[in-house]
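Working notes, structure below.
The values are calculated or read from the model by the stated rules, or taken from the named source; none is laboratory data. Small disclaimer: the values here were computed from a predicted structure and weren't measured. Here Cβ is always computed from backbone atoms with ideal geometry, including for glycine, and neighbour counts include all displayed protein chains.
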Amino acid sequence: MAGSCIEKLPHSCGSSDGLQVFESHGHYSGYCFVCDVYVPSPYGDAAVPAAPTKVAPSPEQIEGWLSGIDSLRAFDLGDRQLGAWALDYFGVKVGLSEQDGDTPELHYYPYTKKGARTGYKVRRIADKSMWTVGDCKAPDMFGWPQALAAGAKRLMITEGELDAVALFQALKVRNATTKWADLNPSVVSLTRGASAAKADILHHMQDIKALFKEVILVFDMDEEGQAAAQSIIQILPMARAVKLPAKDANACIMEGRSDALCKAVLFQSFVPKNTRLVWGQSLYEAGRQQAQWGLSWPWQGLTQLTRGIRFGETYYLGAGVKMGKSEVVNTLAAHLITEHGLKVFLAKPEEANRKTYQLVLGKVAGRIFHDPTIEFDYAAYDAASKAVGDSLCMLSLYQHLGWDSLRNDIIEAAAAGCKAIFIDPITNLVNGIASGETNTILQEIAQELAALAKDLDIVVFIFCHLKAAPSGDAHERGGKVYSHQFSGSRAMMRSCNLMLGLEGNKDADIDEYLQNTRRLVILEDREFGVSGYINLYWDSNTGLFNEIKETEDDDRTTKRTRVSSD
């Protein structure tokens, strides 16, 4: 189980705030980071406060705790039959009992980002509870810096930190008297067990493919571990699995089966039975269920046409220059946050984050916060900010975006709970690249985004600039939008679930109502093959795109439109 710090208390060692109280499933325990003492009942006989307030430690406090852990040593773990030398290789620290100074009480597993230690996962031996110190969000896999430094061409991945130590120890002992004695195997562990398998592999996918010729999945022999291995092999075909002689790698060591562990990993790995073949009869019950609607769009007409927004899919929208594409982005983000309670991640490298935040809040409030000619409505802004809360995540970049880094950002955002990802525009990923290479790169990106959507169970919205129309009216002057005008259009048509075009006319000589009218057209729909459009009107007073609903006269021969207030 994992615990979260709720407050800091004085401790008998003399510290005024060194005792951190952790809560997990209604149980309170404590640990003093000043004197390294576990306190099972931090409140003693006193009543637990009705609602302890979570306290965010200062960066200075965190660094002090990390430095204190760094100064600890590794010791033999007799119960695990792991040597201090093997633990020390991975930087694992052991906290000893304050009572006898000899009994191990805590394990500290270091975690890194780009090779730099950013935090520790702490495991208390007595009750197996865990918590973290420092930054352990979306880290490298445990042992990743050592695996890269080893220079081996075979990467072995275990489920847990002590399994990685055990496998490393077994291999080193086996090779101690051979010509490979001075070589280190590349062994890493998943960050959060089987549940983190896909996210961890995707986080390192590019380096794994570039640096290793073989990947061995040394996962637990239970149902969860084997399911995780199957899921990894589907996204990393080069991976192979093993059948261990015990539950996990550490259990092999504890049961005296080190040689069998090494043989299984080095010589008996295999490609599991192809699980991509699915027989129709196995889907009988699932297929017999009534189809469900997806999440709603901000516009009822589009929800009816597409049957809603679904996780695991990618949606593309293209528009001419300054036609309101970003307005659609902000409207969608605000709608998914407030209507469906989703966390969203916005990658908008052509727009400052401050403005993006103002624009999204503007959609929530029906106000305009970024225009100096309009009086700032502080009450509406504060209410919108409260409604959005911490559900809006943005990218800390401006005017530069690379796919390699963005892929990792998406994985990290998904791990933090973001279910909707927005990239505006995708063409920013190929800035400065020769036109002949652009389509090839966009094709690869489009395919990877489709895979990420499925693997991470998220929905990805991609916004695109359009190629200039070869003839007829320009897109900004009422020209129609076609699928082939999207940059990298073939790749997008092949990989996406839905393609939308935003049409309109910004000609200053036409009526203002027409200038602010747009048509959102369905260009490609993989799921239902529908075609159609909805009309939108941009209200300059509220900054909102409102749907224009069509109505019929009594004689049903002519139509008129009205702006919807829905």
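What's the total number of residues in the range 460-475 that are part of a strand (DSSP E or B) and touching a Leu at 6+ places or on another chain (Cβ under 8 Å)?
Just the residues of the range 460-475 that are part of a strand (DSSP E or B), to begin with: 460-466.
Next, only the ones that are touching a Leu at 6+ places or on another chain (Cβ under 8 Å) stay: 460-464.
Of the residues in the range 460-475, 5 are part of a strand (DSSP E or B) and touching a Leu at 6+ places or on another chain (Cβ under 8 Å).
So that you can scan it fast, the table gives a plain yes or no per residue for (1) free of Cβ contacts under 8 Å to residues at least 60 places away in the same chain; (2) touching a Gly at 6+ places or on another chain (Cβ under 9 Å):
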residue	(1), (2)
348	no, no
353	yes, no
357	yes, no
361	yes, no
370	yes, yes
373	yes, no
379	yes, no
385	yes, no
389	yes, no
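For the structure I just gave you, tell me whether residue 271 is of a type outside the set (Gly, Ala, Ser), within 27 Å of residue 406 (Cα to Cα) and touching a residue at least 12 places away in the same chain (Cβ under 8 Å). Spell out the reasoning first.
Working: of a type outside the set (Gly, Ala, Ser): yes; within 27 Å of residue 406 (Cα to Cα): no; touching a residue at least 12 places away in the same chain (Cβ under 8 Å): yes.
No: the conditions fail for residue 271.
Residue 125: surrounded by 14 or more Cβ atoms within 10 Å (Cβ to Cβ), modelled with pLDDT under 95 and out of contact with any Phe, Trp or Tyr (no Cβ under 9 Å at 6 or more places or on another chain), yes or no?
Working: surrounded by 14 or more Cβ atoms within 10 Å (Cβ to Cβ): yes; modelled with pLDDT under 95: yes; out of contact with any Phe, Trp or Tyr (no Cβ under 9 Å at 6 or more places or on another chain): yes.
Against the criterion (surrounded by 14 or more Cβ atoms within 10 Å (Cβ to Cβ), modelled with pLDDT under 95 and out of contact with any Phe, Trp or Tyr (no Cβ under 9 Å at 6 or more places or on another chain)), residue 125 qualifies.
For the range 458-480, name all the residues that are in contact with a strand residue (DSSP E or B) (Cβ under 8 Å, 6 or more places away or on another chain) and either in contact (Cβ under 8 Å) with a residue 60 or more places away in the chain or among the aromatic types (Phe, Trp, Tyr) (or both).
Selection gives 458, 459, 460, 461, 462, 463, 464, 465, 466, 475, 476, 479.
For the range 348-403, enumerate the residues that are of a type in the set (Asp, Glu) and over 20 Å from the mean Cα position of the chain (by Cα). Give the steps one after another, and end with the answer.
Of the residues in the range 348-403, the ones of a type in the set (Asp, Glu) are 350-351, 371, 375, 377, 382, 390.
Once the filter is applied, which keeps residues that are of a type in the set (Asp, Glu) and over 20 Å from the mean Cα position of the chain (by Cα), the range 348-403 yields 350, 351, 371, 375, 377, 382.
Collect the residues in the range 76-116 that are closer than 23 Å to residue 207 by Cα, at pLDDT 90 or above and surrounded by fewer than 18 Cβ atoms within 10 Å (Cβ to Cβ), keeping them in residue-number order. Even if it seems obvious, please write down each step before you answer.
If we filter the range 76-116 for residues that are closer than 23 Å to residue 207 by Cα, which is where we start, we get 89-91, 109-116.
Cutting the leftovers down to at pLDDT 90 or above gives us 89-91, 109-113, 116.
Selection gives 113, 116.
If residue 433 satisfies all but one of (1) touching a Gly at 6+ places or on another chain (Cβ under 9 Å); (2) closer than 22 Å to residue 466 by Cβ; (3) surrounded by fewer than 20 Cβ atoms within 10 Å (Cβ to Cβ); (4) hydrophobic (A, V, I, L, M, F, W, C), what's the number of the condition it fails?
Condition (1) is where residue 433 drops out.
Specify which of the listed residues (249, 228) is under 24 Å from residue 150 (Cα atoms) and either in the same structural domain as residue 157 (by TED's automatic domain parsing) or surrounded by fewer than 18 Cβ atoms within 10 Å (Cβ to Cβ) (or both).
249
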